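Each remark here refers to the structure printed beneath this line.
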Amino acid sequence: MGLGVRAAPFTYVAHALAVAAAVMVLVWNIHFRGGLAIEATNKNLIFNVHPVLMLIGFIIIGSEAIMVYKVFPTLNRNTAKLIHLILHAIALVLGAVGIYFAFKNHNESGIANLYSLHSWIGIGTITLYGIQWVFGFVSFFFPGAAPNTRKSLLPWHILFGLFIYILALANAELGFLEKLTFLESSGLDKYGTEAFLVNFTALVVVLFGASVVVAAISPIHLEEPQGYAPIPEN
């Protein structure tokens, strides 16, 4: 049984929240954390690339890939499939680059790697994302499985994809919490502007992810329930 709601309103909400989340994470890392850098004496600037790429590059672009079928319902199926594939590939690459910058910051700052739950889930998520992409490419794009096989695989592809997406969202929340905890233990005001910004960014990401998931599982058009007959005018 469906949710009884159309996908379109949730795609509108998701895009509005995506813009808000992107702006907030950029304000946090550029205004409050000092900016972004590929190379810098201040290694914190290198780390700042990590949350920006993981949210905008990995989660938001990945969300666009998930919603493409609902955002453009009249688009040719093969074209939509190609856009879905390309956007997920971009998200995967940017996510991997984002993880690289976290390792780069740790290695150049003398900080241990892979010691936290956030890092463990992060590596697991990006790995599963890559497996999911390869599976989708081989099964649904090239060389492509037989039509009956694709039909039976599609529900599992969608289910596994949403599981990975929710895992990525949950790990983003862990990342916000971990970073803010470190900052507060180093003297950041727990009730200051930056702390509130980080917490509100995390809340916006939760709402954004929920909108994407609802849009993904909702139909483009509502169908009349079986046995339903419109109320006659007379």
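The values are calculated or read from the model by the stated rules, or taken from the named source; none is laboratory data. Computed from a predicted structure; not experimentally measured. Because the Cβ atoms are built from the backbone with ideal geometry, glycine has one as well, and the counts that use them run over all protein chains shown. Just so you know, the surface numbers come from the protein's heavy atoms only, side chains and all, with ligands and any DNA or RNA stripped out. Shrake-Rupley method; radii C 1.70, N 1.55, O 1.52, S 1.80 Å.
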Checking G144, G35, G110 against a Gaussian network model of the chain (alpha-carbon springs below 10 Å), the top fluctuating residue turns out to be G110
For the chain, count all C-alpha to C-alpha pairs, find those more than 26 Å apart, and express that count as a whole percent of the total.
44
Counting only protein chains, not ligands or nucleic acids, how are F142, F135, F176, F163 ordered by accessible area (probe 1.4 Å), most first?
F142, F163, F135, F176
Got the relative contact order for the chain handy, in percent, Cα pairs under 8 Å and 6 or more residues apart?
34
Plugging the Cβ-Cβ distance of L188 and T149 into 1/(1 + (r/R0)^6) at R0 = 30 Å yields, to the nearest 0.05, a FRET efficiency of 0.05
Given the options V71, S211, N148, identify the residue whose Cα lies farthest towards the positive end of the charge dipole of the chain (+1 on Cβ of Lys, Arg; -1 on Cβ of Asp, Glu).
N148
Which residue, L162, L55, L75, tops the fluctuation ranking in a GNM of the chain built on C-alpha contacts under 10 Å?
L75
For N48, the net charge from surrounding residues (Cβ-Cβ under 12 Å; K, R +1; D, E -1) works out to +4
Ignoring ligands, DNA and RNA, what accessible area per residue does the chain give at 1.4 Å, in Å²?
57
Rank these by accessible area, largest first, 1.4 Å probe: K179, K151.
K151, K179
If you line up the long axis of helix 193-217 against the longest principal axis of the chain, both from Cα atoms, how many degrees apart are they, to the nearest 10?
20
Under the Karplus curve 6.51 cos²θ - 1.76 cosθ + 1.60, θ = phi - 60°, whole-Hz ³J(HN,Hα) for the stretch 119-133, x wherever Gly or Pro sits:
5, 5, 5, x, 5, x, 5, 5, 5, 4, 4, x, 4, 4, 5
For the chain, which whole-number percentage of the solvent-accessible area (1.4 Å probe, protein heavy atoms only) is attributable to carbon and sulfur atoms?
70
Cut-off 20 Å (backbone N to label point 7 Å along Cα→Cβ of N42), residues of the stretch 95-116:
101-111
Would you mind working out the magnitude of the charge dipole of the chain relative to its Cα centre, with +1 at each Lys and Arg C-beta and -1 at each Asp and Glu C-beta, to the nearest 20 Debye?
500
Would you be so kind as to identify which of V134, F200, N29 lies farthest towards the positive end of the dipole of the chain, taking Lys and Arg as +1 and Asp and Glu as -1 on Cβ and the Cα centre as origin?
V134
Springs between alpha-carbon atoms under 10 Å, Gaussian network over the chain: tell me which of L128, L203, L188 tops the mean-square fluctuations.
L188
Shape category assigned to the stretch 133-220 from the gyration tensor of Cα positions, a/c cut at 1.5
prolate
